[in-house]
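I have placed the structure first, in the form of structure tokens, so that the comments after it can refer back to it.
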Amino acid sequence: MTLSLEERLNQILPRVTSRDFLESNGLGNEIGFWIFDYPPDRELDVRDFVSGTILPALAKQAPPLRTGAVNLLSLVTDLLEERNLLDKAIEMQAGKGDDSTLAALRSVLKEDKLAQKIAAQFEVSSLDLLIITGVGAVYPMLRTHTLLSALHPIMGKTPLLMFFPGRYDGHSLRLFNTLAEDHYYRAFRLVPETS
């Protein structure tokens, strides 16, 4: 039976609040990285569900789950503002185009640096869960599979849940269902489309 997006969304909260999920039980020695993939045209629905349902419900758990939420677009924007590069990047993009701007920003927006910024923003070891959103908004500035790989040594036993506008089949990420696949096989699908 194929599940609708709404049915899949409604399964998120019971899964991420379960003891097995929070303790990464049943994963062998794998890290607790999870991906909730969804049709890219439903981005606004998923965004509203995460901010309006998931995050408030996690805070109301007894005891409350210590949850960190990272919007990658906000993370990138904040980093560029801290380095006084945001206005320069916007001007460069308008004058020289996307490729030149991306090349100029590449050293600043390296995924390992962003992973360290996430670690500095949250004391990851004290979290019960880290949620990442905004994946589509930062493309092509940031590559999801590289960021996940950079987060491996940082996350320890803290589970990570990434909301991904595209397709993840357990072996590769296909952003927007159209871009070339990035091979990544160290995460699990949180809620498959079939039950």
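The values are calculated or read from the model by the stated rules, or taken from the named source; none is laboratory data. It should be emphasised that the depicted structure is a prediction, and the values quoted were computed from it without experimental measurement. As a convention, Cβ positions derive from the backbone with ideal geometry for all residues, glycine included, and neighbour counts pool all protein chains shown.
Some notes on this structure:
- Qualifying residue in region 37-51 (condition: of a type in the set (Ser, Thr, Tyr) and part of a loop (DSSP other than H, G, I, E, B)): no
This table checks each residue for (1) over 25 Å from Asn25 (Cα atoms); (2) aliphatic (A, V, I, L, M).
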{"position": "Gln121", "(1), (2)": "yes, no"}
{"position": "Asp128", "(1), (2)": "no, no"}
{"position": "Gly134", "(1), (2)": "yes, no"}
{"position": "Leu160", "(1), (2)": "no, yes"}
{"position": "Gly170", "(1), (2)": "no, no"}
{"position": "Tyr184", "(1), (2)": "no, no"}
{"position": "Glu193", "(1), (2)": "no, no"}
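- Any hit, region 28-39, residues being more than 26 Å from Ser125 (Cα to Cα) and under 17 Å from the mean Cα position of the chain (by Cα): yes
- Test: residue in region 116-129 that is among the hydroxyl-bearing types (Ser, Thr, Tyr), at pLDDT 90 or above and either farther than 28 Å from Asp48 by Cα or surrounded by 12 or more Cβ atoms within 10 Å (Cβ to Cβ) (or both): no
- Screening Phe176, Phe163 for residues that are under 22 Å from Thr2 (Cα atoms) and under 13 Å from the mean Cα position of the chain (by Cα) leaves exactly one candidate, Phe163.
- The residues of region 52-75 that are part of a helix (DSSP H, G or I) and among the hydroxyl-bearing types (Ser, Thr, Tyr), listed by number, are Thr53, Ser74.
- Checklist (1) surrounded by fewer than 20 Cβ atoms within 10 Å (Cβ to Cβ); (2) closer than 30 Å to Arg42 by Cβ applied to Leu161, failing item: (1)
- Filter pass, Leu160 being more than 22 Å from Leu13 (Cα to Cα) and not hydroxyl-bearing (Ser, Thr, Tyr): no
- Those residues of region 1-36 which are polar (S, T, N, Q), surrounded by 14 or more Cβ atoms within 10 Å (Cβ to Cβ) and not in a loop (DSSP other than H, G, I, E, B), in sequence order: Asn10
- The set of residues from region 134-158 being more than 20 Å from Glu43 (Cβ to Cβ) and in contact with a Ser or Thr (Cβ under 8 Å, 6 or more places away or on another chain) comprises Gly156, Lys157, Thr158.
- Selected residue (only one of Leu148, Leu142 is surrounded by 21 or more Cβ atoms within 10 Å (Cβ to Cβ) and either under 19 Å from Leu72 (Cα atoms) or at pLDDT 90 or above (or both)): Leu148
- On inspection, Leu75 qualifies as within 22 Å of Ile154 (Cα to Cα) and out of contact with any Asp or Glu (no Cβ under 7 Å at 6 or more places or on another chain).
- Among the candidates Ser149, Ser100, residue that is under 15 Å from the mean Cα position of the chain (by Cα) and hydroxyl-bearing (Ser, Thr, Tyr): Ser149
- Under the condition of being exposed (fewer than 13 other Cβ atoms within 10 Å of the Cβ) and more than 16 Å from the chain's Cα centre (by Cα), the residues counted in region 40-60 number 5.
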